[in-house]
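This report concerns only the one structure given below.
Computed from the coordinates by the stated procedures, all read-outs in this text should not be read as laboratory data. The structure displayed is predicted, hence computed values, not measured ones. Reconstructed Cβ throughout: ideal geometry from the backbone, glycine too, with neighbour counts over all protein chains shown.
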Amino acid sequence: MSEDRTSQFRDAGTDRSTAEAVPDTPQTRAPAYRLAFNDTDFMLRDELRPVRLQLELLKPEMILNERGIRSTVVLFGGARIPEPKEKAGARTETLAELSKYYDEAREFARLMTEKSLAAYGRDYVIATGGGPGVMEAGNRGAADAGGASIGLNIVLPHEQAPNEYVTPGMCFNFHYFAIRKMHFLMRARAVCVFPGGFGTLDEMFEALTLIQTDRMKRMPFLLFGEAFWRRIINWEALADAGTISDEDLDLFQFVETAADAVRIIDEWDAARIED
């Protein structure tokens with residue numbers, strides 16, 4: 001426990017250690033005797049779901065606050081997009097062609113991290129899902145610049161581990177998709193979406209919906225790879241059908257390069273300062 005506690009009561013950590021050292025008796029072995037906060041079986045009960053949701057929201061929030069992280073630049077993108085030197089092993093020709101966005105994500109993250117370091121590493125911190133593909137490229141680019149980056153991993157049925165470039169002290173693991181999504185956007189100063197699959201589409205449309213409905217502030221919302229996005233989504237058809245407004249098409253911009261994305265973010269920030 002923290003040495004600067006002001007409470008005069010015994011702290012939870014001390015009592016946990018004391019309770020683990022009590023004599024072994026039928027009473028002390030019974031699950032009912034375990035301290036509630038130190039009882040995993042109790043914490044995993046269905047009735048404790050609200051508590052687990054709160055803890056999953058609170059833990060990363062506390063850690064990021066302690067590190068002084070004020071704002072992030074979020075990268076969404078496909079886990080299956082390979083590094084260019086590995087594109088020969090891509091499952092499809094299209095995936096091989098999309099490998100160029102690995103390098104663009106890496107370069108973009110490097111440039112934004114240099115900008116972050118100029119702000120003492122508290123703003124413009126790269127945040128990804130912590131996995132492979134575009135996510136790895138984002139964390140790797142931050143490491144190239146000598147900066148820290150965030151990885152918001154999630155437990156999946158198939159075995160996985162965070163990519164090696166996430167800053168260990170800012171690498172989080174989630175059970176609840178909903179809480180993970182909140183952490184992606186709570187500090188977001190810009191959202192950059194690279195080609196991807198269902199997960200990328202899910203994150204992209206959720207964030208766009210929050211901005212469209214004024215539940216979240218407008219910010220640079222950049223889609224890398226116009227040809228890809230126009231091929232898989234007929235944006236204008238949504239407006240023509242009236243299911244979105246014409247002005248909703250202005251909520252995002254297409255970009256092709258890391259330099260373009262950085263320029264747009266810089267111009268957005270400059271305009272905000274002038275206002």
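Loop-resident trypsin sites (Lys or Arg not before Pro) (DSSP state other than H, G, I, E or B) in segment 1-87 with no more than 10 further Cβ atoms inside 10 Å of their Cβ: ARG5, ARG10.
With everything on Cα atoms, drop me the angle between helix 134-144 and the longest principal axis of the chain, reported from 0 to 90° to the nearest 10. Relative to the chain, helix 134-144 is tipped by roughly 80 degrees. Each label point was placed 7 Å from the Cα along the Cα-to-Cβ direction; for PHE205 and MET182 their separation is 2.3 nm.
Let me know the shape class of segment 76-160, please: from the alpha-carbon gyration tensor, a ≥ b ≥ c as square roots of the eigenvalues, rounded when a/c is under 1.5, otherwise prolate if a/b is greater than b/c, or oblate. Oblate.
Relative to the longest principal axis of the Cα atoms of the chain, helix 258-274 runs at roughly 80 degrees. Axis of helix 177-186 versus longest Cα principal axis of the chain: the two differ by about 60°, to the nearest ten degrees. Toward the positive end of the charge dipole of the chain, with +1 on the Cβ of Lys and Arg and -1 on the Cβ of Asp and Glu, the farthest Cα among MET219, PHE42, PHE9 is that of PHE9. Per-residue Cβ neighbour counts within 10 Å put LEU111, LEU98, LEU35 in the sequence LEU35, LEU111, LEU98, beginning with the fewest.
Remark: SER149, SER17, SER99 ranked as SER17, SER99, SER149, counting other beta-carbon atoms within 10 Å and listing the fewest first. Normalised by the number of residues in segment 59-274, the average gap of Cα pairs under 8 Å and 6 or more apart makes the relative contact order 21 percent. By other beta-carbon atoms within 10 Å, ranking VAL22, VAL51, VAL74 with the fewest at the front produces VAL22, VAL51, VAL74. Assuming a ≥ b ≥ c are the square roots of the Cα gyration tensor eigenvalues, decide whether the chain counts as rounded (a/c under 1.5), prolate (otherwise, with a/b larger than b/c) or oblate. Prolate, because a/c is 1.5 or more and a/b exceeds b/c.
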